[in-house]
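The values are calculated or read from the model by the stated rules, or taken from the named source; none is laboratory data. All values reported here derive from a predicted model rather than from experimental measurement. Please note: Cβ atoms are built from the backbone with ideal geometry, for glycine as well, and neighbour counts cover all protein chains shown. SASA here: full protein model, heavy atoms, side chains in, ligands and nucleic acids out. Shrake-Rupley method; radii C 1.70, N 1.55, O 1.52, S 1.80 Å.
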Amino acid sequence: MKAENFLLIARYLLEKPDATQRELAGITALSLGLVNSTIKEAIASGHLDQRGSRELVLTEKGQNKLDEYKVKNAIILAAGFGSRCVPLTYETPKGLLEVFGQPMIERQIEQLNEKGITEIIIVVGYKKESFDYLIDKYGVKLVYNPEYATKNNLSSLYCARKWLGSSYVLMSDFWIEKNIFNTYEPRSWYSATYSEEKTSEWCITTSPSDKIEKIEVGGQDSWILIGPAYFSGSFGETYKEYLMDYYNTPGTEDYYWEHILKEKLSSLPMYSNRQAGNVHEFENLEELRQFDPSYIQASNSSIMQEIAKILNCSESEIQSIKPLKVGMTNHSFTFTHDGTKYIMRVPGEGTDMMINRDQEYAIYQIIMPLGVSDDIVHIDPKTGYKITKLIENVRVCDPLNQSEVAMCMQKLKEFHALKLKCDHVFDIFERIEYYESLWHTPKSYFKDHQQTTANVMSLKPFVDKAPKEWILTHIDAVPDNFLFEETRDGTKIRLIDWEYAGMQDPHLDIAMFIVYAMYDREQAENLIDTYFKTEEPSPCPHEIRKKIYAYIAMCGLLWSNWCEYKSHMGVEFGEYSLRQYRFAKDYYKIFREEERK
């Protein structure tokens with residue numbers, strides 16, 4: 001008697017001992033003949049007992065055999081942001097979005113509980129606090145993935161590795177109509193649905209017995225891996241060994257856990273569990289609207305409600321929502337209304353502590369009539385929400401393209417020449433200290449941060465005395481904030497994102513461009529010369545150049561402290577934060593060297 005066939009039959013007999021052999025064949029996908037022979041062998045071996053003409057009951061021996069394949073737990077991966085479902089996921093993690101009035105993750109938990117699976121581990125990251133109530137409601141265990149913002153879900157499964165084995169592994173954002181979980185599982189499987197259209201999902205090739213023989217990313221007219229998977233005990237142990245190796249191998253930061261399955265399929269036997277029309281994944285709001293019509297008129301998103309209010313329309317008229325690349329300070333997405341494309345800016349994590357929105361609003365009132373920025377439709381000083389018209393055919397400045405850089409510097413000089421005024425100051429020394437005060441820990445990631453800070457702060461007397469003109473300065477005049485728009489009249493440059501703008505020395509903008517572009521010394525010198533190229537008697541006087549060196553050191557420490565604060569919010573910037581700290585240290589030394597000349 002093949003154990004797998006017996007288990008498929010036995011687990012159903014627990015629920016319905018009077019099931020007919022034809023019924024058992026239908027539910028197990030075994031042939032009628034195989035069901036008949038398996039039952040006979042199970043009766044003969046003492047695993048089943050026949051009572052009366054129809055009823056089949058598991059014996060103690062049969063129950064013990066079944067218990068060898070009991071599911072121990074479920075691991076739900078819920079750490080990700082769910083960027084394609086913006087703006088809903090700016091407020092609610094994707095797994096907690098409701099479908100027909102119930103959060104998707106709650107439906108999964110209840111389906112697992114129905115089958116007696118109560119040990120449920122949820123790996124959280126983005127908006128982790130939102131999941132806390134599930135502990136009290138369902139008795140789940142939450143595990144935090146500190147790398148959720150910089151790595152893919154392979155790292156989340158790594159965080160839950162000690163529980164892996166006889167486990168369901170699933171994402172929090174699937175909607176499963178009919179319960180596909182079981183108390184007992186005879187083999188490892190992955191649910192699959194069929195796609196006739198071209199897809200970028202993980203497509204599978206299977207044997208006649210449904211064993212997965214090949215996995216390819218992308219295809220057409222194929223079964224694709226969507227939904228839960230089950231790891232048997234032996235499968236889980238083998239997988240854990242690979243997981244440890246992959247996690248510790250550089251270059252796997254973007255890996256899904258399925259990458260290991262794909263690459264090690266020969267030693268990780270996995271079967272397809274075909275679930276056509278039963279497991280649903282929602283890529284975006286449009287797909288949610290198609291499945292749950294309540295989303296057409298009301299998404300329960302304050303952001304969507306705000307857009308509808310501003311544009312005087314219904315939520316159903318807000319369409320074609322697509323996320324933009326997540327910015328360093330904010331999140332943004334595009335949408336269409338009445339044939340016009342817009343960009344919506346949503347303040348990022350912890351931004352309310354870093355940006356004075358009333359001051360930003362005041363700046364836009366000054367610059368909007370000048371046409372130097374993007375086309376503002378609405379800006380709210382309370383929420384920080386901003387809607388602008390999408391500018392077609394634009395690109396940001398390439399900091400390695402000298403021609404484009406020169407055009408940006410000319411645009412910057414033209415703005416500085418306006419000598420605009422506002423009512424507030426951007427005090428860089430005050431901001432350096434303030435960003436550090438926001439940290440959740442008194443210690444920096446950098447061991448010599450205290451000395452570096454003292455060095456940079458020692459530049460204040462020089463900076464205070466240095467000649468400067470006090471005008472409205474952009475502060476964040478970096479390559480990504482210069483937009484090149486191709487028009488009938490030629491190239492037009494717009495300078496966007498004025499959140500940090502205030503009264504300052506305009507030469508600070510030069511330093512900001514340098515540190516964001518992460519220029520080396522030669523590139524930095526070239527940029528300074530480019531800005532001052534029309535000035536006489538020399539491109540840039542030595543004292544001003546020395547002042548810009550000091551600004552570069554100050555900007556480096558400013559943004560390094562800023563990055564450390566954002567990292568506590570779950571946002572990481574990799575090399576950028578390291579390079580900013582180097583600017584603080586290196587240009588302090590350069591300044592002192594120049595001072596001795």
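So that you can scan it fast, the table gives a plain yes or no per residue for (1) within 23 Å of the chain's Cα centre (by Cα); (2) of a type outside the set (A, V, I, L, M, F, W, C); (3) within 30 Å of Leu324 (Cα to Cα):
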site	(1), (2), (3)
Leu56	no, no, no
Gln63	no, yes, no
Val71	no, no, no
Ile76	yes, no, yes
Gly80	yes, yes, yes
Glu91	yes, yes, yes
Please work out which residue is nearest to Glu91 (Cα to Cα), limiting yourself to region 343-382 and to residues that are surrounded by 14 or more Cβ atoms within 10 Å (Cβ to Cβ) and basic (Lys, Arg). Arg345
Within region 576-596, count every residue that is in contact (Cβ under 8 Å) with a residue 12 or more places away in the chain and either farther than 18 Å from Thr453 by Cβ or not in a helix (DSSP H, G or I) (or both). 3
Answer yes or no as to whether Asn401 is buried (at least 16 other Cβ atoms within 10 Å of the Cβ), at pLDDT 95 or above and either over 30 Å from His568 (Cβ atoms) or more than 34 Å from the chain's Cα centre (by Cα) (or both). no
Read through the list (1) more than 30 Å from Thr249 (Cα to Cα); (2) assigned to a strand (DSSP E or B), then give the number of the only condition that Gly116 fails. (2)
Restricting to region 119-128, name every residue that is at pLDDT 95 or above and outside any strand (DSSP E or B). Glu119
Identify the residue in region 238-254 that is touching a residue at least 24 places away in the same chain (Cβ under 8 Å), over 30 Å from Asn182 (Cα atoms) and of a type outside the set (Ser, Thr, Tyr) and, among all such residues, is least open to solvent (accessible area, probe 1.4 Å). Glu253
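Take the residues in region 139-175 that are among the β-branched types (Val, Ile, Thr) and part of a loop (DSSP other than H, G, I, E, B), then tell me which one is nearest to the chain's Cα centre (by Cα).
The residue in question is Thr150.
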Which residue pairs have Cβ atoms closer than 7 Å, lie 6 or more positions apart in sequence or on different chains, and pair a first residue in region 404-423 that is without any contact (Cβ under 8 Å) to a residue 40 or more places away in the chain with a second residue that is open to solvent by 20 Å² or more (accessible area, probe 1.4 Å)? none
Checking the conditions here, which among Met270, Met304 is buried (at least 19 other Cβ atoms within 10 Å of the Cβ) and farther than 30 Å from Gly101 by Cα? Met270
Output the number of residues of region 357-394 satisfying the condition of being farther than 19 Å from Asp423 by Cα and among the basic types (Lys, Arg). 2
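Each row is one residue, and each column tells you yes or no for (1) touching a residue at least 40 places away in the same chain (Cβ under 8 Å); (2) not basic (Lys, Arg).
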position: Gly236; (1), (2): yes, yes
position: His259; (1), (2): yes, yes
position: Gln275; (1), (2): yes, yes
position: Phe282; (1), (2): yes, yes
position: Leu288; (1), (2): yes, yes
position: Phe291; (1), (2): yes, yes
position: Met304; (1), (2): yes, yes
position: Lys309; (1), (2): no, no
position: Asn312; (1), (2): no, yes
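Here is a list: Glu213, Glu201. Which entry is open to solvent by 30 Å² or more (accessible area, probe 1.4 Å) and over 26 Å from Gly82 (Cβ atoms)?
Answer to the selection: Glu213.
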